[in-house]
Amino acid sequence: MESKVIICSIIVLLFTSLCCAEEVKVIVKGVTSIAKTDENFVCATLDWWPHNKCDYNQCPWGNAGILNLDLDNKILANAIKAFKSLRIRVGGSLQDQVVYQVGKHANKCPHFKLNHKGLFGFTQGCLPMERWDRLNKLFNQTGALVTFSLNALAGRKKAAVPVEEDDEATLMVGKWDPRNAYDLIKYTASKGYKIDSYELGNELCGSGVSVRVEAEPYGKDMMTVKKMIKKLYPNGTTRPKLLGPGGFYEEEWFKTFLQVSGPNVVDGLTHHIYNLGAGVDPSLIDKIRDPYFLDQVGQTYKDVSTSARLYGPWAGPWVGESGGAYNSGGKHVSHAFVSGFWYLDQLGMTSTFNHKAFCRQALIGGNYALLNTTTFLPNPDYYGALLWHRLMGKNVLAAAHGGSPYLRAYAHCSKKTAGISVLLINMSNSTTFQVSVVNDLNLYPLESELMDENENENENENEREEYHLTPKNGNILSDVVLLNGTPLKLTESDDIPAMNPEVVDATLPISVAPDSIVFATLRGFRAPACA
């Protein structure tokens with residue numbers, strides 16, 4: 001009897017090993033692109049939160065806030081430099097309580113203090129110009145592309161009574177006072193600090209978060225900011241862009257705001273996404289690995305893109321802030337390898353919906369940061385973001401397959417080489433996918449032959465560059481990520497390590513192991529959209 005059980009167990013094991021490798025054809029349509037991102041699609045945020053910002057009996061921000069961050073930290077500088085042009089958005093929940101210590105309209109420079117009656121539990125804070133100077137020194141030395149989000153509540157007051165009985169956010173009324181913002185922008189321009197864009201307000205749109213502003217006055221405020229920017233930056237070629245509204249999408253509010261502000265006022269339509277729910281949710285790790293759950297946010301991306309196209313075609317959509325799980329992220333999950341399943345999937349998904357940038361909350365601070373809040377060491381998602389930035393070009397291609405939904409596939413024109421780069425995410429913990437990337441032109445052999453005749457032979461087209469990301473010891477909750485089997489860690493001089501690919505025969509399928517992420521560059525892939 002015992003021998004029969006052993007034989008049965010062996011048969012089950014053999015069957016399992018055979019059934020858990022799946023061949024998949026990913027078809028990439030390279031004739032035309034389906035969307036286009038900005039060249040600098042990857043973005044990260046710096047937030048205002050003080051050290052005593054606490055959620056769920058933990059205070060994960062430490063000294064990572066804008067006013068406390070160690071700006072001389074070598075790892076921080078090297079982490080930004082590695083991108084050569086990392087987008088950084090300076091903003092967050094407390095930005096609408098920040099006074100800028102410049103000009104005659106800033107008499108006091110208060111410190112953020114805990115106060116349960118204050119917005120988000122804090123009193124007003126202040127940005128001294130000495131601190132602003134030091135921040136810009138860091139940005140200039142590292143090549144960052146900076147978005148600065150302005151205080152949109154200056155001069156406004158709470159409505160006497162709620163407009164609706166079920167309003168969770170307090171309506172703010174009265175005219176916006178732009179004078180302090182004007183003085184900051186004037187100071188910034190006079191110093192020659194390079195600002196890529198300004199944004200107005202944080203999560204004030206629609207039903208708001210804590211407080212809100214109606215769409216019509218906000219649209220008029222944006223017109224005011226645009227006039228200020230034009231006056232202070234007379235050279236149109238170096239003039240910063242204007243972004244807004246920096247909050248959660250509601251169709252009617254966005255429509256009204258775009259119509260009121262009018263053509264060519266807003267350059268980027270920013271919205272926020274926290275589609276994983278609360279950071280304390282015990283099912284957070286399951287949501288991150290559930291393709292059906294992750295797909296749900298796709299409708300929002302499509303709707304924002306549609307609103308931009310219909311009511312503001314001059315303003316491309318951005319994800320202006322997204323940390324996955326709100327209230328600083330999940331303590332054990334948001335900084336671990338498993339977060340990459342959500343994060344890189346979101347980069348792929350938003351790019352297909354014509355979004356121009358995706359700002360990760362945060363570069364440093366909270367549980368969801370790209371860098372460890374205390375050691376500054378890169379978390380796994382930092383390396384995923386860096387690979388995306390280096391490999392995935394701005395032209396987005398359609399990529400699809402008929403296999404398991406736990407295999408996600410995205411394709412772009414390669415950023416700096418011929419051919420295409422693909423991102424493959426395996427959310428299954430048991431199945432290896434053997435992926436063949438198939439050119440849609442193969443379905444039309446005549447077009448393919450004509451193309452071959454008109455193109456020069458690429459000497460590297462028979463080789464493929466692969467970057468396999470896996471967690472240390474197979475533990476998806478690890479903070480250590482392996483690239484092609486080797487742990488990624490800083491050099492002795494605290495530089496970001498080299499991230500070299502594995503070069504393989506391009507005729508072989510890409511083997512995507514369980515719980516892994518793979519970037520691959522196919523130089524020989526003939527895509528007219530990438531020519």
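Overview of results
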| read-out | value |
| --- | --- |
| Mean residue ellipticity (222 nm) of the chain, computed from DSSP H runs ≥ 4 via -39,500 (n - 2.57), nearest 500 | -8000 deg cm²/dmol |
| Backbone N under 12 Å from the residue 462 label point (7 Å along Cα→Cβ), restricted to the stretch 488-531 | 505-507 |
| Charge-dipole axis of the stretch 26-181 as Lys and Arg at +1 and Asp and Glu at -1 on Cβ define it, positive-most pick from 71, 126, 151 | 71 |
| About the Cα centre, charge dipole magnitude for the stretch 280-337 (Lys/Arg +1, Asp/Glu -1 at Cβ), debye | 100 debye |
| Alpha carbon convex hull of the stretch 265-372, volume per residue in cubic angstrom | 91 Å³ |
| Over the chain: Kirkwood hydrodynamic radius from C-alpha pairwise inverse distances, Å | 24.4 Å |
| Dipole magnitude of the chain, debye to nearest 20 (Cβ charges: Lys/Arg +1, Asp/Glu -1, about Cα centre) | 2400 debye |
| Model label zone, residue 114; criterion: amide N under 18 Å from point 7 Å along Cα-to-beta-carbon; scope the stretch 50-72 | 50-65 |
| Share antiparallel - DSSP beta bridges, the stretch 59-148, percent rounded to 5 | 10 percent |
| Angle between the chain longest axis and helix 339-352 axis [Cα atoms, degrees, rounded to 10] | 80 degrees |
| The stretch 477-531 - Rg and Dmax from Cα coordinates, angstrom | 15.0, 43 |
| Residue-level accessible surface for residue 105, protein heavy atoms, 1.4 Å, Å² | 70 Å² |
| Largest to smallest principal axis extent of the C-alpha atoms in the stretch 13-153, angstrom | 72, 40, 32 |
| Share, in percent, of DSSP beta bridges within the chain that are antiparallel, nearest 5 | 50 percent |
| Order of exposure, largest accessible area first, which applies to 401, 51, 111 with probe 1.4 Å | 111, 51, 401 |
| Antiparallel content of DSSP bridges confined to the stretch 319-439, in %, to 5 | 80 percent |
| Angle in degrees between helix 2-19 and the longest Cα principal axis of the chain, rounded to the nearest 10 | 60 degrees |
| The stretch 111-185 - convex hull of the alpha-carbon atoms, volume per residue in Å³ | 133 Å³ |
| Label-to-label distance, nm, for residues given as residue 175 and residue 71 (7 Å Cα→Cβ offset) | 3.4 nm |
| Relative contact order of the chain, pairs being alpha-carbon contacts under 8 Å that are 6 or more residues apart, as % | 18 percent |
| Dipole moment magnitude, nearest 20 debye, the stretch 360-443 about Cα centre, only Lys, Arg, Asp, Glu C-beta charged | 220 debye |
| Dipole axis of the chain (+1 Lys, Arg; -1 Asp, Glu on Cβ), positive-most option in 369, 437, 235 | 235 |
| Residues residue 161 and residue 140, FRET efficiency given R0 of 35 Å [Cβ-Cβ distance, rounded to 0.05] | 0.15 |
| Counted charge near residue 186, where neighbours are those whose Cβ lies closer than 11 Å (Asp, Glu -1; Lys, Arg +1) | +2 |
| Packing-based order for 142-150, 509-517, 293-301, using average beta carbon neighbours within 10 Å, highest first | 142-150, 509-517, 293-301 |
| Farthest positive-ward along the chain dipole, Cα basis, beta-carbon charges - from 427, 403, 320 | 320 |
| Residue 302 paired with residue 264, simple spin-label distance in nm, labels 7 Å along Cα-to-beta-carbon | 3.3 nm |
| Cα long-axis angle, helix 380-391 against the chain (0 to 90 degrees, to the nearest 10) | 80 degrees |
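The values are calculated or read from the model by the stated rules, or taken from the named source; none is laboratory data. Keep in mind that what you see is a predicted model, and the values were worked out from it rather than measured. Positions of Cβ are backbone-derived with ideal geometry, glycine not excepted, and every protein chain shown enters the neighbour counts. Surface accessibility is based on the protein's heavy atoms, side chains included, excluding ligands, DNA and RNA. Shrake-Rupley method; radii C 1.70, N 1.55, O 1.52, S 1.80 Å.
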